[in-house]
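The structure appears right after this line, and notes come after that.
The values are calculated or read from the model by the stated rules, or taken from the named source; none is laboratory data. All figures in this text were calculated on a predicted structure; none of them were measured in a lab. Ideal geometry is used to build each Cβ from the backbone, glycine not excepted, and the neighbour counts take in all protein chains shown.
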């Protein structure tokens, strides 16, 4: 008797986790839902989880999590770029990039660097008032190689689905580790340093001049907007329907790289004062993280249960974590003077900086 594979509810077929891209439906945004001057400088993860934004001096943009999505496709969120300061004549070294990096140990099945190297197909939905071409690039960080192609926005203010297939690369295997091996880059603008050559439509040693040749300039007018969602990258030469994961699964995949703790004033962790100005707290991890996280924070307060003092935090750091970063991390909070060594402390959220954002972040991004 033949056995029929029955797809899980909510999936288009039974091949789950085929999408290399995490949070491609833009549904998770732990850092907040909007950021002005997004990506300025060397790039930062600022809105949608797992997506790094780069704006190297090419105008200014507000990037936000939008509810403008392609109709009838199952998406609820998109990434929106809104140009707030124009730059019609970018300098040579300027660029605008949306990027997601991927660990080498997650990509070994692609067999890169062998005669059996898998092709990769990238698909996504895009909408903009600006028509024309922008560049989609795969960047091999381990072997300094790349390949790119153009995506075309044909109709203004219309959601369009784009599909690009890249040949497998028989040169240069990915490292089998937790560091970045493959980056997916969307170039939304580039100066001559990155666009003066010929677009590398076949795998080649990375040359900056050939990375973004032919891309438009999203920063040439403050009227410009750009939306993207449904980003999928999968092995093979054809694009399958977007793989919608349950929200809890999508979140856990993002937690491997970034975790926001104490998101509101009703959340707290218990620890103890090591000194009058220092509290130590054991903080559980939501999931095993990619590596040793770094710490950032906004709006934290240490409460001394014995003395009743509330002391604003001035620094947060994480102690070294052995093994696989699986369970918890020692969190050292420096605060204002007034605690007593040995007293129990409650670490809680309080908007002491007037940002509207509280808590602290564990960051193990690549």
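Brief remarks follow.
- Entirely in region 279-366, the strands (runs of 3 or more DSSP E) that have 2 or more residues that are surrounded by fewer than 20 Cβ atoms within 10 Å (Cβ to Cβ) and without any contact (Cβ under 8 Å) to a residue 60 or more places away in the chain: 310-318, 328-335
- Residue within region 245-264 that is within 30 Å of residue 303 (Cβ to Cβ), out of contact with any helix residue (DSSP H, G or I) (no Cβ under 7 Å at 6 or more places or on another chain) and surrounded by fewer than 15 Cβ atoms within 10 Å (Cβ to Cβ) present: yes
- Some residue of region 321-337 being within 30 Å of residue 162 (Cα to Cα) and in contact with a strand residue (DSSP E or B) (Cβ under 6 Å, 6 or more places away or on another chain): no
- No other residue among 101, 133, 55 is closer than 19 Å to residue 182 by Cα, in contact (Cβ under 8 Å) with a residue 40 or more places away in the chain and not in a loop (DSSP other than H, G, I, E, B) apart from 101.
- Across region 32-64, the number of residues qualifying as crowded, with 20+ Cβ neighbours inside 10 Å and closer than 19 Å to residue 248 by Cα comes to 5.
- Taking region 174-191 as the range and being buried (at least 20 other Cβ atoms within 10 Å of the Cβ) and in a loop (DSSP other than H, G, I, E, B) as the test, the residues that pass are 174, 191.
- Taking (1) exposed (fewer than 14 other Cβ atoms within 10 Å of the Cβ); (2) farther than 30 Å from residue 256 by Cα; (3) under 25 Å from the mean Cα position of the chain (by Cα) in turn, residue 155 satisfies each apart from (3).
- Residue that is within 30 Å of residue 301 (Cα to Cα), crowded, with 16+ Cβ neighbours inside 10 Å and either in the same structural domain as residue 136 (by TED's automatic domain parsing) or more than 22 Å from the chain's Cα centre (by Cα) (or both), where the choices are 168, 271: 271
- For residue 296, the stated conditions hold: it is modelled with pLDDT under 95 and more than 25 Å from residue 25 (Cα to Cα).
- Matching residues, region 66-111, being under 20 Å from the mean Cα position of the chain (by Cα), closer than 16 Å to residue 28 by Cα and either surrounded by fewer than 17 Cβ atoms within 10 Å (Cβ to Cβ) or not assigned by TED's automatic domain parsing to the domain that holds residue 191 (or both): 67, 68, 76
- Residue count for region 172-206, restricted to those that are out of contact with any strand residue (DSSP E or B) (no Cβ under 7 Å at 6 or more places or on another chain) and either closer than 25 Å to residue 75 by Cβ or without any contact (Cβ under 8 Å) to a residue 60 or more places away in the chain (or both): 4.
- Among (1) touching a strand residue (DSSP E or B) at 6+ places or on another chain (Cβ under 7 Å); (2) on the phi < 0 side of the Ramachandran plot, the one test that residue 257 misses: (1)
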